[in-house]
1. Say each of MET64 and ARG28 gets a label point 7 Å from the Cα, pointing the same way as Cα to Cβ; how far apart are those two points in nm?
2. For THR17 and LYS55, calculate 0.36 nm times their separation in residues minus their Cα-Cα distance, and state this gained length in nm to one decimal.
3. For the stretch 2-71, what is the per residue volume of the convex hull drawn over the alpha-carbon atoms, in cubic angstrom?
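Read-outs: derived from the displayed coordinates by stated rules, not from any lab. As the structure is a computational prediction, the values presented were derived from the model and not from experiment. In this analysis, Cβ positions are derived from the backbone assuming ideal geometry, glycine residues included, and neighbour counts consider all displayed protein chains.
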Amino acid sequence: MLTLKITGDNGFDDEVTAKPRHVLLFERVSGIPFSQLEDGISMANLYQLGHLVMKMTHPDVTPMKLSEFEETFDVLPVGGEQEPDPGHAGA
């Protein structure tokens, strides 16, 4: 799905994956369909999705309020660049 690099002022530093259930809940909460996310996502939506995923996967380190999360965490999408195919090196 969508992998996010999340770092927090509290020392949290990890990649989390927005799975289908997270995206479904995001769609219901935000009213934004997944198809729009594939074309590009705003930072506000990225933080909203990141906050939702973090509340579900790391509730012990995640503020309950989105505004607090935005003030203390950084959220970036992990690039979709593919690694070179080692089978074709030097071919």
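1. 2.0 nm
2. On the way: separation 38, 0.36 × 38 = 13.68 nm, distance 1.25 nm.
Fully extending the segment from THR17 to LYS55 adds 12.4 nm.
3. 83 Å³
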